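First the structure, in the form of structure tokens, and then the observations on it.
The values are calculated or read from the model by the stated rules, or taken from the named source; none is laboratory data. Quantities reported herein were computed from a predicted structural model and do not represent experimental measurements. Cβ: placed from backbone, ideal geometry, glycine included. Neighbour counts: every protein chain shown. Just so you know, the surface numbers come from the protein's heavy atoms only, side chains and all, with ligands and any DNA or RNA stripped out. Shrake-Rupley method; radii C 1.70, N 1.55, O 1.52, S 1.80 Å.
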There are 2 protein chains.
Amino acid sequence: MTSMQNSFTEENYLKIIHSLSGREGVEVSTNALAESTSTRAASVTDMLRKLADKGLIHYKKYQGVRLTDSGEKVAIKVIRKHRLWEVFLVEKLGFGWDEVHDIAEELEHIPSEILVEKLDTFLGHPRFDPHGDPIPDAKGNLTEPDYTILTDIQVGEKVLMMGVLDHAPSFLQHLDRSGITLGAVIEVKEINEYDKSASVQINGGQTLFISLEVSKNLLVQRR
Amino acid sequence: MTSMQNSFTEENYLKIIHSLSGREGVEVSTNALAESTSTRAASVTDMLRKLADKGLIHYKKYQGVRLTDSGEKVAIKVIRKHRLWEVFLVEKLGFGWDEVHDIAEELEHIPSEILVEKLDTFLGHPRFDPHGDPIPDAKGNLTEPDYTILTDIQVGEKVLMMGVLDHAPSFLQHLDRSGITLGAVIEVKEINEYDKSASVQINGGQTLFISLEVSKNLLVQRR
DNA sequence: ATATATTTTTAGGGTAGTCTAAATTTTTTA
DNA sequence: TAAAAAATTTAGACTACCCTAAAAATATAT
Ligand SMILES: [Mn+2]
Ligand SMILES: [Mn+2]
Ligand SMILES: [Mn+2]
Ligand SMILES: [Mn+2]
């Protein structure tokens, strides 16, 4: 009864609603969805009516939407597939972390529960994807670690680089060129009061300057 | 100019036309395509007009269709992807050869040239898929080995099992239960004149009876 | 508390791919 | 070689997803 297949498009909507809704499950607006799906608000309204009819979202006109438990389950399955495929692309095929997002965006819609589980086993049950994002387990449990944004770190603190907020290839390539990779030790040496740019030391070696724009997109962990 | 993306559906049509057209490139009928695509003839006609407009097939009304060089290139790329993904599923993820067809049917439509080439490298440039079908190379060369059907083998001959004509899970599972796998040595001990069933010895060990239906779907090579 | 601005929905329509029923063309049979 | 049968195309329609323009509801500002 609940087994009817969701389309590629429906899965993308659910994943985006999950992401915009955040951990608190706040209502997502039609315009925000239009922006994220690169469609028009009118098209979003059509889709929302359909997702509501299928019981995947809570929707009252003009009130924004939230995922139902059923919709949340679907969204998390898609996220699990996306992140597992990203691990495969980076770890097994040798792609850079800046190259895998768009491909995983397609692979995440391949059906077959058993495929996902065999892939997970093949990859050694990874807990995080190449961008530091947590991978939901087979039961659908997704626990977001509470990392700190680098802008909240004080001068003198040493932290571990754990993830990124911006997944854009240009940002990831910029980090590559700076030697800032997942697991790197970052020590904040100085923060410029004027523009909040920072001087940081990477792995006890090279010191470099990073802009506020970069700091805002780096997730780190105190040790 | 030639770079416009083909849809999932168009790719399936091209692949099926390639397969039904055979090595000699004979015309494929509308009804044959309706059968293979599980659609109605009227739907096929619509699609044929579209494929012809895109220059992917030669089509004259009521005359059947053939692939153009351009269409052939697309079909072979899809076949390459299908077979490489099947190798991945069997060799890396541990699927049985009877379980991979439907999944590969989806994976074959994932775009990205570079993904295919990295997958090919990861798999060690396999020449054949798990069913013994040849994998086109990166340049689009597809050379069909000329295997013999087991029904053409005489009593007393020893041959190597090289492939299957029927890819149905039930047939492949039947072969598994009989111990007939790719590379197995098959010696024809006896052929029953009445129903053309045969008695064959596998790998110099067990002798078993196989029906004409099975023999007709086994591709072998004389040694 | 209105008036204005913004957001969202509705109305009407388009393309891709599918369908059934009817018309047309080709093939087979007598 | 003409009638019957089979194959194919055309006509008209449906669903999924998307669009623009206009209407309606909500939010903001005066
Ligand atoms: Mn996607
Ligand atoms: Mn990721
Ligand atoms: Mn396919
Ligand atoms: Mn195969």
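Looking only at region B:198-215, count how many residues are surrounded by 15 or more Cβ atoms within 10 Å (Cβ to Cβ) and not in a strand (DSSP E or B).
Going through region B:198-215 one residue at a time, the tally reaches 3.
Identify all residues within region B:96-122 that are without any contact (Cβ under 8 Å) to a residue 60 or more places away in the chain, more than 16 Å from ligand 1 (Cβ to nearest atom) and open to solvent by less than 10 Å² (accessible area, probe 1.4 Å); write none if there are none.
B:V100, B:A104, B:L119
Quickly run through region A:156-173 and pick out the residues that are open to solvent by less than 80 Å² (accessible area, probe 1.4 Å) and assigned to a loop (DSSP other than H, G, I, E, B).
A:G156, A:E157, A:D166, A:H167, A:A168
For B:L56, indicate whether it is closer than 26 Å to B:L115 by Cα, surrounded by 16 or more Cβ atoms within 10 Å (Cβ to Cβ), outside the structural domain of B:E106 (by TED's automatic domain parsing) and over 18 Å from the mean Cα position of the chain (by Cα).
yes
Could you please let me know if B:K139 is in the same structural domain as B:E113 (by TED's automatic domain parsing), open to solvent by 20 Å² or more (accessible area, probe 1.4 Å) and either over 19 Å from B:E91 (Cα atoms) or free of Cβ contacts under 8 Å to residues at least 24 places away in the same chain (or both)?
yes
Here is a check on your reading of the model: is A:G179 within 14 Å of chain B (Cβ to nearest Cβ), small (G, A, S) and open to solvent by less than 50 Å² (accessible area, probe 1.4 Å)?
So A:G179 fails the test.
Which number in (1) of a type in the set (A, V, I, L, M, F, W, C); (2) more than 13 Å from chain A (Cβ to nearest Cβ); (3) more than 21 Å from B:G163 (Cβ to Cβ) marks the one condition that B:V78 misses?
(3)
If you scan region A:30-53, which residues turn out to be in a loop (DSSP other than H, G, I, E, B) and open to solvent by 60 Å² or more (accessible area, probe 1.4 Å)?
A:S38, A:R40
Could you identify the single residue in A:R23, A:R66 that is touching a residue at least 24 places away in the same chain (Cβ under 8 Å), surrounded by fewer than 21 Cβ atoms within 10 Å (Cβ to Cβ) and part of a strand (DSSP E or B)?
That would be A:R66, the only listed residue that is touching a residue at least 24 places away in the same chain (Cβ under 8 Å), surrounded by fewer than 21 Cβ atoms within 10 Å (Cβ to Cβ) and part of a strand (DSSP E or B).
Within the group A:F122, A:F171, which residue is outside the structural domain of A:I16 (by TED's automatic domain parsing), out of contact with any Lys or Arg (no Cβ under 7 Å at 6 or more places or on another chain) and aromatic (F, W, Y)?
A:F171
Going by the conditions given, is A:P130 within 16 Å of ligand 1 (Cβ to nearest atom), of a type outside the set (G, A, S) and part of a loop (DSSP other than H, G, I, E, B)?
No, not satisfied.
Please specify each residue of region A:81-95 satisfying the condition of being away from chain B (no Cβ under 13 Å) and open to solvent by 20 Å² or more (accessible area, probe 1.4 Å).
A:R83
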